[in-house]
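The values are calculated or read from the model by the stated rules, or taken from the named source; none is laboratory data. Predicted model, so just to flag it, every value in this text is computed and none were measured. Protein only, heavy atoms only, side chains kept; ligands, DNA and RNA dropped before computing areas. Shrake-Rupley method; radii C 1.70, N 1.55, O 1.52, S 1.80 Å.
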Amino acid sequence: MNETLTNIMARRSVRRYTDESVCESTMKLVLAAACAAPSAKGERPVRFVVLDKKQMGSLAEKVQQKDPFREGQWGIAVLADLRDYDGGLAWIEDGAAAMENMQIACKSLGLGSLWYGVYRRAAKEPAIREFLQLPDGVEVLGITVMGYAAEHKEAYSGVDESKVRYGAWSE
């Protein structure tokens, strides 16, 4: 298997991180991967807010799932500025592509990462919106939390054929 596929298959959600710091230049490589994600009709409504270690610690006090934010070294919130956007819900796909690029980039750089989903999650979204000081018309899809993993999970392997249909849906 080639290196790209190996990283995709090995990428798993990490919720516990070591104290080892992640340098800013490494975080910016992950951010660059997010910026390279495709965008419907090239409209590029996706925006980012980078959170450093101190800001992550402050955010941990506002959310239920505290450990990833206390222990992670960087967070990158994926947002969409919809104030002058007429692309409907395509921003969600654009943001998801940016999130996935960051997850795979983290794995390829030897980091663990967590896709912390926020959009339309009543237990998360209000606190995140307030913390990030988002104006009306700017939506938050989620936050990529990154750091050196303090836990290991087995890579995925192969295809679970019970989840696949060919040609059309079948029961």
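Points worth noting:
- With contacts taken as Cα pairs under 8 Å at a separation of at least 6 residues, the chain carries a relative contact order of 34 percent.
- Dimensionless Rg ratio for segment 104-171, taking C-alpha atoms and the 2.2 N^0.38 Å reference: 1.61
- Set K28/K107; K107/K153; K54/K107 screened for pairs whose C-alpha atoms are more than 21 Å apart: K54/K107
- The mean accessible area for residues of segment 1-114, using a 1.4 Å probe and ignoring ligands and nucleic acids, is 51 Å² per residue.
- Amide H within-cut-off set for V138, under 5 Å, with H built and near neighbours excluded: L82
- Size descriptors for the chain, from the alpha-carbon set: Rg then Dmax equal 16.7, 50 Å.
- Extension gain, K163 to A36: 0.36 nm times the residue separation minus the Cα-Cα distance gives 42.8 nm.
- Against the compact-protein benchmark of 2.2 N^0.38 Å, the Cα-based radius of gyration of segment 1-67 scales to 1.41.
- Interchain or long-range residues, amide H under 5 Å from G147's placed H: Q73, G112
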